[in-house]
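Heads up, the thing below is written out as structure tokens.
The values are calculated or read from the model by the stated rules, or taken from the named source; none is laboratory data. Please read all numbers here as calculations on a predicted model, not as lab measurements. With ideal geometry, Cβ positions are generated from the backbone for all residues, glycine too; neighbour counts draw on all protein chains shown.
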Amino acid sequence: MTDKSLVQAVTPFVLCSDLNAQVAFYQRCLGFEMTFQADNYAFLRHGGAGLRLLECPENEDGTPLGHNQSFYIDVTDVDGLYAQLKPALDGLPEGRVRAPFDQDYGQREFHVLDEDGALVFFGMAL
């Protein structure tokens, strides 16, 4: 059995078709800071959350790379974060952002689709 105290965090790999466009999106719209970039890889942080972007060839069938990707970022104040990000989020095409709302399972969330269709959840316990 692994000692749980040795585990620090989950930092998902998010596939993208254009690394520079995806880095710009996460910085401009979601408030992440890039800490490292080389070739087809970038590592970004927002508070305690980390994210690894990996540029890959587009899917042969034409589906967006993020089509089946999603991840959840736990926050302390979902409405406060949404208010901070809202000016940039308002510039995204219709259907890419879902404003904060309460879930039946006791979370308050907002959702954003990234440049390649990955669904990013931001949420907190009610």
Across (1) within 13 Å of the chain's Cα centre (by Cα); (2) more than 20 Å from residue 17 (Cβ to Cβ); (3) of a type in the set (Lys, Arg), residue 98 clears everything bar (1)
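Looking at the range 93-126, which of its residues are touching a residue at least 40 places away in the same chain (Cβ under 8 Å) and among the aromatic types (Phe, Trp, Tyr)? If you could, list the steps in order and put the result at the bottom.
First, the residues of the range 93-126 that are touching a residue at least 40 places away in the same chain (Cβ under 8 Å): 112-124.
Once the filter is applied, which keeps residues that are touching a residue at least 40 places away in the same chain (Cβ under 8 Å) and among the aromatic types (Phe, Trp, Tyr), the range 93-126 yields 121, 122.
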Checked the range 22-55 for anything surrounded by 14 or more Cβ atoms within 10 Å (Cβ to Cβ) and free of Cβ contacts under 8 Å to residues at least 24 places away in the same chain; matches are 27, 32, 34, 37, 42, 44, 45
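Would you call residue 80 farther than 17 Å from residue 123 by Cβ, at pLDDT 95 or above and over 15 Å from the mean Cα position of the chain (by Cα)?
Working: farther than 17 Å from residue 123 by Cβ: no; at pLDDT 95 or above: yes; over 15 Å from the mean Cα position of the chain (by Cα): yes.
Here the answer is no, as residue 80 does not meet what is asked.
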Given (1) under 20 Å from residue 121 (Cβ atoms); (2) of a type in the set (Gly, Ala, Ser); (3) part of a strand (DSSP E or B), index of the condition residue 95 fails: (3)
